[in-house]
1. Do any residues in the range 157-171 that are over 20 Å from VAL78 (Cβ atoms) and modelled with pLDDT of 95 or more have Cβ atoms under 8 Å from those of residues that are β-branched (Val, Ile, Thr) and part of a strand (DSSP E or B), where the two are at least six apart or on different chains, and which pairs are they?
2. So for the range 7-18 (the condition being among the aliphatic types (A, V, I, L, M), part of a loop (DSSP other than H, G, I, E, B) and crowded, with 20+ Cβ neighbours inside 10 Å), does at least one residue qualify?
3. Report, by residue number, each residue of the range 123-143 that is touching a residue at least 24 places away in the same chain (Cβ under 8 Å) and either buried (at least 18 other Cβ atoms within 10 Å of the Cβ) or among the aromatic types (Phe, Trp, Tyr) (or both).
4. Could you please find all residues in the range 68-110 being more than 24 Å from the chain's Cα centre (by Cα) and either within 18 Å of ALA136 (Cα to Cα) or touching a residue at least 60 places away in the same chain (Cβ under 8 Å) (or both)?
5. If we keep just the residues of the range 99-110 that are surrounded by 13 or more Cβ atoms within 10 Å (Cβ to Cβ) and more than 17 Å from TYR49 (Cβ to Cβ), which is modelled with the highest pLDDT?
6. Before we move on, is ARG46 in a loop (DSSP other than H, G, I, E, B) and either modelled with pLDDT under 95 or under 20 Å from CYS126 (Cα atoms) (or both)?
7. Counting just the residues of the range 53-89 that are polar (S, T, N, Q) and more than 13 Å from VAL112 (Cβ to Cβ), which one comes out surrounded by the fewest Cβ atoms within 10 Å (Cβ to Cβ)?
Amino acid sequence: MTRQDVFVAPGADVSDAARIGAGSKIWHLAQVREDARLGERTIVGRSAYIGTGVTMGDDCKVQNLALVYEPATLGRGVFIGPAVVLTNDTYPRAVNPDLSQKSASDWDAVGVDIGDGAAIGARSVCVAPVRIGAWALVAAGSVVTRDVPDFGLVAGVPARRIGWVGRTGRRLEEKDGAWVCPDTSETFIEVDGVLRPAEDQEDTRG
């Protein structure tokens, strides 16, 4: 495999069968397994783990000690905080009912799907199967057991939605029946628990 403009630190373990986009950096003691596909300018921090066949878009950041198990799928610009875990086994067991050790064929891996621009805070656990919507924010230390909507802000154990965030990660402010980003002034409309940019609503009305 050709790895043009890819930095791999000494001690990192990157499979020859992994595909790493240009401009990416893999730091010390990180492991990237076979058939993983990382986009351009992606950063994998020290001692992080990227499982077999995991796919990640451009400009993702996986911080130190994070564990991204297959078959996780990350969109563009996803942030995975330090020591985050994306699981892949709904009913984890080391052994079968007869106490024989489980093998790879004894269970079906399920993944965490994360939309573009979303961020998972430090030491959070996302219990597969679950989807984290685009631009959503999972607060540090949360345990996510159900889907998170686009732009959703969730926190707690188990995680529950406590608000909405904009594309900068700042919490949206409610004004005159709409939600507004304090950084960009982008306006959103909430309908039936779903948040959409106001301009999208206008396009739909035609």
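The values are calculated or read from the model by the stated rules, or taken from the named source; none is laboratory data. Keep in mind it's a predicted model, so treat the numbers as computed, not measured. Quick reminder, even Gly has a Cβ in these numbers, built from the backbone with ideal geometry, and neighbours come from all protein chains shown.
1. From residues that are over 20 Å from VAL78 (Cβ atoms) and modelled with pLDDT of 95 or more, the pairs are VAL157/VAL143; PRO158/VAL143; PRO158/VAL144; ARG160/VAL154; ILE162/VAL154.
2. yes
3. Across the range 123-143, the qualifying residues are SER124, VAL125, CYS126, VAL127, ALA128, ALA134, TRP135, ALA136, LEU137.
4. none
5. Checking each candidate, the answer is VAL110.
6. Against the criterion (in a loop (DSSP other than H, G, I, E, B) and either modelled with pLDDT under 95 or under 20 Å from CYS126 (Cα atoms) (or both)), ARG46 does not qualify.
7. ASN64
Conditions tested, residue by residue: (1) in a loop (DSSP other than H, G, I, E, B); (2) at pLDDT below 95; (3) out of contact with any strand residue (DSSP E or B) (no Cβ under 8 Å at 6 or more places or on another chain); (4) not assigned by TED's automatic domain parsing to the domain that holds GLY45.
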site: ARG93; (1), (2), (3), (4): yes, yes, yes, no
site: PRO97; (1), (2), (3), (4): yes, yes, yes, no
site: ALA122; (1), (2), (3), (4): yes, no, yes, no
site: ALA128; (1), (2), (3), (4): yes, no, no, no
site: ARG131; (1), (2), (3), (4): no, no, no, no
site: TRP135; (1), (2), (3), (4): yes, no, no, no
site: LEU153; (1), (2), (3), (4): no, no, no, no
site: PHE188; (1), (2), (3), (4): no, no, no, yes
site: ASP200; (1), (2), (3), (4): no, yes, yes, yes
